[in-house]
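Trainee: I'd like to ask you about the structure that follows.
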Amino acid sequence: MNQELLHEIQQLKSHFAWFSVNAGSEKHLIDEIRGRFPQWRFAYSRPGMVTFRLPYPMSAEECFFYTPFFAFARRWGVSWEHGSFEHIVEFLKQFKNSGHWQIHFWEQELLGFDDDIMKTLGQFLVQETKATLNQPPSPGPLVHMIRILRDEFWLSIQYFGPSHVGGVGGGPWPESNLNEPIFSPPISRAYHKIKSSWAILSPSERRGHWVELGCSPGGAFQFLGEQQNKVTGIDPGKIDERILNFFVEKNPQSFHFLNVSAQNLNPQSLQSQLGSVDWLAIDMNLSVKQSLSYSEAIIREFSSLKGIIYTFKISHPDMIQQLPGIQMRLKDYGFPYQLSFQWVSHRKEFLQLALKQKNFTTILPKDLSRV
């Protein structure tokens with residue numbers, strides 16, 4: 001990253017923040033931000049995007065360090081210029097290091113505009129500014145050209161840290177879709193949910209003995225088995241035969257299934273039966289209160305746990321306001337390092353990671369224990 005350019009960009013601040021969000025979750029993000037930062041004022045929303053007016057000018061880098069505290073924002077940054085395309089180009093040309101800018105046009109099929117027109121505009125932009133257009137981002141700031149109306153563009157900036165390129169769920173762009181898994185077709189969406197969590201955990205810590213409450217039909221099992229983990233599943237439902245066959249063929253000693261509901265578990269006997277457990281994943285069709293209650297008894301019995309991964313269902317609008325209290329409760333369990341996020345296809349649910357140690361691979365704030 002050109003240091004002069006980085007310095008130029010770091011000086012740019014704005015009163016407006018933009019957020020990319022899963023289509024259908026815009027209201028969830030608005031409610032979450034209003035609950036956490038009531039001084040932020042809602043400004044604009046459309047499918048997949050929300051903007052807020054900030055109480056004071058903020059840089060993209062400052063925005064980046066808030067990211068772990070928004071469960072429903074996939075990416076975000078600041079918008080510091082808007083107007084016609086010609087105006088945006090002239091604005092960019094004033095920077096002597098514009099040739100080092102990384103610029104991205106949001107995918108036009110999501111915006112309803114003609115790709116040929118955007119291609120022509122992109123070629124003109126590169127010619128005039130010498131910037132890099134729609135290339136995989138490298139560490140540092142990334143500039144977005146977002147077309148709002150026929151002749152109105154927003155120039156917005158998003159900060160990428162060295163280990164944050166690609167973000168959480170999906171590709172590097174705010175509006176990108178999740179790529180197909182490189183393994184065999186997944187049994188269920190739980191495959192992708194655990195995969196996204198796995199990508200954030202430290203490679204040196206994430207392998208071990210995983211226990212999943214609510215494992216049927218076996219999507220998470222499939223991924224964890226492919227990563228050569230020992231897996232124990234607990235569910236009153238059935239596991240897909242393909243998952244059972246997978247473990248029988250690969251390593252039958254690494255798989256254990258208890259066909260029982262979480263309500264009927266005896267944590268003490270479970271501890272003596274399973275021994276040491278490293279990770280606990282909970283994905284049950286229960287309320288947040290019930291999920292926390294059933295997992296709490298297990299957490300008390302397994303002092304070896306490194307972390308917990310919850311899938312929380314959004315059963316009613318007020319549940320978003322409960323998120324800070326949920327995180328505080330997990331902190332009281334002894335898991336202060338937390339991250340909330342939605343996988344790319346989530347609508348009425350989100351993931352909550354809670355760890356004893358800061359075993360994340362992404363660049364996060366130093367005080368990650370703050371909730």
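Trainee: Let me cross-check C215: its accessible surface, 1.4 Å probe, with only protein heavy atoms counted, in Å² to the nearest 10?
Mentor: 0
Trainee: Going down the list K313/K356; K289/K331; K230/K313, which pairs span over 22 Å between their C-alpha atoms?
Mentor: Values: K313/K356 24 Å; K289/K331 16 Å; K230/K313 27 Å.
Listed pairs above 22 Å: K313/K356; K230/K313.
Trainee: Using a 1.4 angstrom probe and counting only protein chains, how large is the accessible area of W210 in Å², to 10?
Mentor: 0
Trainee: Quick one: ranking K193, K331, K289 by accessible area, 1.4 Å probe, largest first, what do you get?
Mentor: Numbers: K193 15, K331 75, K289 160 Å².
From most exposed to least exposed: K289, K331, K193.
Trainee: Follow-up question, since we're still on this one. In terms of solvent-accessible area of protein heavy atoms at a 1.4 angstrom probe, what is the ranking of S303, S202, S25, highest value first? Write down the numbers at each step before the final one.
Mentor: Values: S303 100, S202 25, S25 0 Å².
From most accessible down to least: S303, S202, S25.
Trainee: How far apart, in nanometres, would the label points at E226 and E152 be if each is projected 7 angstrom from Cα along the Cα-to-Cβ direction?
Mentor: Distance between the two pseudo-spin positions: 4.4 nm.
Trainee: Cα atoms only, the range 210-266: Rg and Dmax in Å?
Mentor: 10.5, 32
Trainee: Also, quick follow-up: Given points 7 Å out from each Cα along the Cα-Cβ axis, report the H15 to F37 separation in nanometres with one decimal.
Mentor: Inter-label distance under the simple model: 1.5 nm.
Trainee: Just to verify a number: FRET efficiency for V126 and A23, C-beta to C-beta distance, R0 = 25 Å, to 0.05? Walk me through the numbers on the way to the answer.
Mentor: Values: r = 30 Å, r/R0 = 1.18.
Taking R0 as 25 Å, the efficiency between V126 and A23 is 0.25.
Trainee: Taking 7 Å along the Cα-to-C-beta vector as the label spot, tell me the N245-Q357 distance in nanometres, rounded to one decimal.
Mentor: 4.0
Trainee: Could you tell me what fraction of 2.2 N^0.38 Å the Cα radius of gyration of the range 183-286 comes to, as a two-decimal ratio?
Mentor: 1.00
Trainee: Mind grabbing the accessible area of E128 for me, 1.4 Å probe, Å², rounded to tens?
Mentor: In the full protein context, E128 sits at about 60 Å².
Trainee: How would M328, M58 line up by accessible area, probe 1.4 Å, largest first?
Mentor: Values: M328 85, M58 0 Å².
From most accessible down to least: M328, M58.
Trainee: Using a cut-off of 13 Å between beta-carbons, work out the net charge of the residues near S291 (Lys and Arg +1, Asp and Glu -1, S291 not included). Kindly include the intermediate steps, with their values, before the conclusion.
Mentor: Numbers: positive: K289, K313, R329; negative: E212, D283, E296, E349.
Net of charged neighbours comes to -1.
Trainee: Could you report the range 194-332's accessible area per residue, 1.4 Å probe, as an integer in Å²? Walk me through the intermediate numbers first.
Mentor: Details: 6250 Å² over 139 residues.
Result: 45 Å² per residue.
Trainee: Continuing with this model, one more query. Taking R0 as 51 Å, what's the FRET efficiency between S303 and E90 from their Cβ-Cβ distance, rounded to 0.05?
Mentor: So, using R0 = 51 Å, E works out to roughly 0.25.
Trainee: Just the Kirkwood number for the range 232-371, please: inverse of mean 1/r across all distinct Cα pairs, in Å, one decimal. Please list the in-between numbers first.
Mentor: Numbers: mean 1/r = 0.0604 Å⁻¹.
Evaluated on the range 232-371, it is 16.5 Å.
Trainee: Equivalent ellipsoid semi-axes for the range 273-353, as square roots of 5 times the alpha carbon gyration tensor eigenvalues: give them largest first, rounded to whole Å. List each step's numbers first, then the result.
Mentor: Numbers: eigenvalues 97, 35, 30 Å².
With the √(5λ) rule applied to the range 273-353, the semi-axes are 22, 13, 12 Å.
The values are calculated or read from the model by the stated rules, or taken from the named source; none is laboratory data. In this text, all values refer to a predicted model and were calculated from it rather than measured experimentally. As a convention, Cβ positions derive from the backbone with ideal geometry for all residues, glycine included, and neighbour counts pool all protein chains shown. Heavy atoms of the whole protein, side chains included, go into the accessibility calculation; ligands, DNA and RNA do not. Shrake-Rupley method; radii C 1.70, N 1.55, O 1.52, S 1.80 Å.
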